[in-house]
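The numbers here are math on the coordinates, done by the rules we state, and not lab data. All of these numbers come straight from a predicted model, not from anything done at the bench. Here the Cβ positions follow ideal geometry from the backbone for every residue, glycine too, while neighbour counts run over all protein chains shown.
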Amino acid sequence: MLLLRCPLPFLLLLLPLGSRPQKLPTRDEELFQMQIRDKAFFHDSSVIPDGAEISSYLFRDTPKRYFFVVEEDNTPLAVTVTPCDAPLEWKLSVQELPEEASGEGSGDPEPLEQQKQQITNEEGTELFSYKGNDVEYFVSSSSPSGLYQLDLLSTEKDTHFKVYATTTPESDQPYPELPYDPRIDVTSLGRTTVTLAWKPSPTASLLRQPIQYCIVINKEHNFKSLCAVEAKLSSDDAFMMAPKPGLDFSPFDFAHFGFPADNNSGKERGFLKSSKFGRQTSPKPRVDLHRVCIGNKNIFTVSDLKPDTQYYFDMFAVNTDTNMSTAYVGTFARTKEEAKQKTVELKDGKVTDVFIKRKGAKFLRFAPVSSHQKVTFSVHSCLDAVQIQVRRDGKLLLSQSVEGVRQFQLRGKAKAKYLIRLKGSKKGASMLKILATTRPNKQSFPSLPEDTRIKAFDKLRTCSSVTVAWLGTQERNKFCIYKREVDDNYNEEQKKREQNQCLGPDTRKKSEKVLCKYFHSQNIQKAVTTETIRGLQPGKSYLLDVYVIGHGGHSVKYQSKLVKTRKFC
């Protein structure tokens, strides 16, 4: 048996023309393998090779026909057609090969056109037909000899497809075999994770062939083949640039497909505006589809999903030698919804402490009892930056990132209700203090300068003292400075862990207090104060903290400063 590897006119010339039947040569395996490796050999050919998968393209409403020859009766035959991104209509039929030439025994060959018509004008016997987007098979353990025709049609859109045919289906087995239960099981379901499990392919477990599993995740639908996934993922419309049917072009004349010539291969690929075949296309929207290949494991946890969202999961067993794949039965699952959080009620003018888990969120509600012209939200983030959103009766008024102390003043509205959403840091847990008030003069948080660092003057450093400075504001506030002796190996990482700005002076030992003083300046450029801290030990390290205390008693800590006295003076 032979599936020819030459264009149809040559196929016809090879058909027996004498009075005695003549078999076509059998497959030369060495030559065949060489030709299969050369993918260009079958490019745009109308003849299907034996034992190799071909990829091709269909224009909408334009049928395409492929041929192959089975030499002997009772030959096994398997044909697989894989639609990629659109349903296909396809039909397989067979007709007898001419065994004797006409010409009344003269021995003269018939004209080529008569031979061609003799074969192709006949409809043949239909063996199988299918319409849809499933991967479909025709399998026969005993097929008659003849010229086989595979007719394909896409009525929906231009599309890709794949065809595989073989006369040795038992030995070839290029597609991984599915287990007796080809379903994907959802074994665990969380808010952002889904764990999947499946039975291994017998091709891997029994035949020991190299198989890897590829998982595809998306929010739209399941896929029936890996080439359908690849078609969806592809952002390259090269095949859509193909010439219209009937035009004579070389399959390797890439300019017809909108690609630049080889001498421009180092440049960015772009569509040729001068090409008469090119069609201008707009960029595709980003496809929300993910594919991950995980080797030969048969359990996998998909993470970083969105809560309360339906996802579709497909699994493909891929033979890494042939790069051919088989689809398991896909599944879908909805992640669990976010736990409904209790909404904290804010009282007018009262500071509320809030703790948020890593990547978590908290909801607060503020409903002023009286009419108001303005509402003020003061937020003090103790550690890393937090995100704040404020909605009034469902309308978004504010969305900001807050680090340190921030104050937001919004226009009020009678009988309005405010919903505040606080989202924590990705680095770790978040702590903050928040105050909401309709009284502009009710401010518990002290005002802060933009720069809350403490500066140390190295030239003024002695064996028993250090001199530091920090910025103030135009508002008169109380400042308290504290010192604590630390080891010489105390580093920035340890200091960062202690940078909770919400911990006030009441958490410090009395022995660590240096002094407290009031300070402000109407000229913001001159709002700087200095202080010399005395009574220190030579060659020792100290951690200095400055606290500013507002009228309501709430304190905010400046950034800590690590200093060291001179060892020798």
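Give me the dipole magnitude in Debye, nearest 20, for region 342-435 about the Cα centre, with unit charges on the beta carbon: positive for Lys and Arg, negative for Asp and Glu.
Charge dipole of region 342-435: 340 debye, to the nearest 20.
At 7 Å along Cα-to-Cβ for each site, give me the label-to-label distance between residue 131 and residue 397 in nm.
Simple spin-label model gives 6.1 nm for this pair.
Using 0.36 nm times the number of residues separating residue 530 and residue 157, minus their current alpha carbon distance, what extension gain do you get?
That works out to 126.6 nm of additional length.
Going highest first, how would you order 224-231, 153-160 by mean Cβ packing within 10 Å?
224-231, 153-160
Each residue of region 397-407 in turn: what ³J(HN,Hα) in whole Hz from Karplus with 6.51, -1.76, 1.60 and θ = phi - 60°, glycine and Pro shown as x?
Once rounded to whole Hz, the list reads 9, 8, 8, 9, 9, 10, 10, x, 10, 9, 10.
If each of residue 72 and residue 465 carries a label point 7 Å out from its Cα toward its Cβ, how far apart are those two points in nm?
Using points 7 Å along Cα→Cβ, the separation is 11.0 nm.
Name the long-range amide H neighbours of residue 158: under 5 Å, sequence gap of 5 or more, or other chain; modelled H, no Pro or chain starts.
60
Compare the peptides 469-482, 397-410 by average per-residue count of other Cβ atoms within 10 angstrom and give them in order, highest first.
Ranking the peptides 469-482, 397-410 by packing returns 469-482, 397-410.
Decide, for region 157-203, between rounded, prolate and oblate: order the square roots of the alpha carbon gyration tensor eigenvalues as a ≥ b ≥ c, take rounded if a/c falls under 1.5, and otherwise choose prolate if a/b is larger than b/c, else oblate.
oblate
Figure the gain on full extension for residue 192 and residue 89 (residue separation times 0.36 nm, minus the Cα-Cα span) and round it to one decimal in nm.
Fully extending the segment from residue 192 to residue 89 adds 33.0 nm.
Over the Cα atoms of region 342-435, what Rg and Dmax result, in angstrom?
12.7, 40
First measure r as the distance between the Cβ atoms of residue 568 and residue 512, then evaluate 1/(1 + (r/R0)^6) with R0 = 25 Å and state the FRET efficiency to the nearest 0.05.
0.45
Would you please give the residues with an amide H less than 5 Å from that of residue 128, counting only those at least 5 places away or on a separate chain, with H modeled from the backbone geometry?
92
Tell me, what HN-Hα J-couplings in whole Hz come from the Karplus equation 6.51 cos²θ - 1.76 cosθ + 1.60 at θ = phi - 60° for each residue of region 346-358, using x for Gly and Pro?
For region 346-358, the Karplus-derived couplings read 8, 9, 4, x, 10, 6, 10, 7, 10, 10, 10, 5, 4 Hz, x marking Gly and Pro.
Once amide H atoms are placed 1.01 Å from N in the peptide plane, what residues at a sequence separation of 5 or more from residue 350, or on another chain, have their amide H within under 5 Å of its amide H?
Here 436 satisfy the definition.
Starting from the Kirkwood Rh over alpha-carbon pairs, what translational D in µm² s⁻¹ does region 452-562 have by Stokes-Einstein at 25 °C and 0.890 mPa s?
For these conditions, the coefficient is 167 µm²/s.
Using the structure shown, list the pairs from 509/557; 362/557; 347/433; 483/561; 455/564; 131/157 with a Cα-Cα distance above 18 Å, or answer none.
Distance filter (> 18 Å) returns 362/557.
Residue by residue through region 166-171, which ³J(HN,Hα) values in whole Hz follow from phi under the Karplus form 6.51 cos²θ - 1.76 cosθ + 1.60 (θ = phi - 60°), with glycine and proline marked x?
8, 9, 10, x, 5, 8
Which entries of 478/567; 306/350; 219/357; 342/427 have Cα-Cα distances beyond 26 Å here?
Too far apart for the 26 Å limit: 478/567; 306/350; 219/357.
Please work out the FRET efficiency for the pair residue 230 and residue 96, using the Cβ-Cβ distance as r and a Förster radius of 25 Å; give the result to the nearest 0.05.
Efficiency for this residue pair is about 0.05.
Extension gain residue 353-residue 340, at 0.36 nm per residue separation less the Cα-Cα distance, in nm?
Residue separation times 0.36 nm, minus the Cα-Cα distance, leaves 2.7 nm.
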